[in-house]
Amino acid sequence: MPNLAAVLKEEIRRLARREIKTQVGKTQKVAAQYRRDIAKLKRGLSQQEREIKLLKKQQDQTPKEEEPLKKQTGKRTMPPCHIQHLPGSN
């Protein structure tokens, strides 16, 4: 009888190993795909960072436009000596 128990144990181990191997194989394939996806995303990110750096450098090299003058609030005043020389003033 001990021989039958040993054979049964060995068969159970073999089937369990086969089942575990199929499950682990699927998991390994998925993990490998995730690693490839992550590497692809990292490459894309580094490419975008290089482009941003280049664009910032180009932007810094272009001459900046002068800022428009601030609008003056209130009335403009003119000294009285200039008022007499305006057309239409007597």
*Being modelled with pLDDT of 90 or more and of a type in the set (Asp, Glu), is that true of even one residue in region 52-65?*
no
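Condition check ((1) assigned to a helix (DSSP H, G or I); (2) at pLDDT below 95; (3) surrounded by 10 or more Cβ atoms within 10 Å (Cβ to Cβ)) across all residues:
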position	(1), (2), (3)
ASN3	yes, yes, no
ILE20	yes, yes, yes
LYS40	yes, no, yes
GLY44	yes, no, yes
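The values are calculated or read from the model by the stated rules, or taken from the named source; none is laboratory data. In this text, all values refer to a predicted model and were calculated from it rather than measured experimentally. Note that we place each Cβ from the backbone using ideal geometry, even for glycine, and neighbour counts take in every protein chain shown.
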